[in-house]
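Here is the structure we will look at.
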Amino acid sequence: MEESDLQSLVETLAERLAATATRPVEEDASRWLGEAEAVVSDLTSGPLPPDGVVRTRLGHVEHLLEHVDGTEDADADAHVEAARAALDDALTVLDARD
């Protein structure tokens, strides 16, 4: 995949996490999601940094999302699942570059 594909996946991840902020999400899940959104939104503020930096930040997002079992809102849960899919795809792209 090209750099633009990775950028697109990171942007999708950020958008899906941001979308959970507009939903009535359970308090603990909201904290984890907010932290994950902050970490990934930093990656969307310009060109992507080197792959190692992207991998580290996405690994942190992955760790944060592991703490979200559910949000108590079906729409937010769908956004979380889509965010996880984009995250997995982005990590796969990075793995393929190694």
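When residues in segment 1-29 are screened for being free of Cβ contacts under 8 Å to residues at least 24 places away in the same chain and in a helix (DSSP H, G or I), 5 of them pass. Each residue in segment 46-70 was checked for being touching a Phe, Trp or Tyr at 6+ places or on another chain (Cβ under 8 Å) and among the aliphatic types (A, V, I, L, M), and 3 pass.
Restricting attention to segment 53-62, which residues are of a type outside the set (Val, Ile, Thr) and open to solvent by 50 Å² or more (accessible area, probe 1.4 Å)? Break it down into steps so the answer makes sense when it comes.
Step one: filter segment 53-62 for residues of a type outside the set (Val, Ile, Thr), giving 55, 57-60, 62.
Matches in segment 53-62: Arg55, Arg57, His60, Glu62.
Across segment 11-50, which residue is nearest to the chain's Cα centre (by Cα) among those that are at pLDDT below 95 and within 16 Å of Leu87 (Cα to Cα)? Per the criteria, the residue is Ser41.
Select from segment 62-98 the residues that are free of Cβ contacts under 8 Å to residues at least 40 places away in the same chain and outside any helix (DSSP H, G or I) and write down the one among them that is farthest from Asp28 (Cα to Cα).
Going through the qualifying residues, I end up with Asp98.
Looking at (1) under 12 Å from the mean Cα position of the chain (by Cα); (2) of a type in the set (D, E, K, R); (3) exposed (fewer than 13 other Cβ atoms within 10 Å of the Cβ), can you tell me which one Arg84 breaks? Result: Arg84 passes all but (3). For Thr44, all conditions in the list (1) more than 16 Å from Arg16 (Cβ to Cβ); (2) in contact (Cβ under 8 Å) with a residue 24 or more places away in the chain; (3) surrounded by fewer than 17 Cβ atoms within 10 Å (Cβ to Cβ) hold save one; what is the number of the exception? Exception for Thr44: condition (1).
Would you confirm whether any residue within segment 68-79 is at pLDDT below 95, out of contact with any Leu (no Cβ under 6 Å at 6 or more places or on another chain) and either surrounded by 16 or more Cβ atoms within 10 Å (Cβ to Cβ) or over 23 Å from Ser8 (Cβ atoms) (or both)? Yes, that holds for at least one residue.
The values are calculated or read from the model by the stated rules, or taken from the named source; none is laboratory data. Just so you know, these numbers come straight off a predicted model, no measurement behind them. Neighbour counts are summed over all protein chains in view; Cβ atoms, including those assigned to glycine, are modelled from backbone coordinates with ideal geometry. SASA here: full protein model, heavy atoms, side chains in, ligands and nucleic acids out. Shrake-Rupley method; radii C 1.70, N 1.55, O 1.52, S 1.80 Å.
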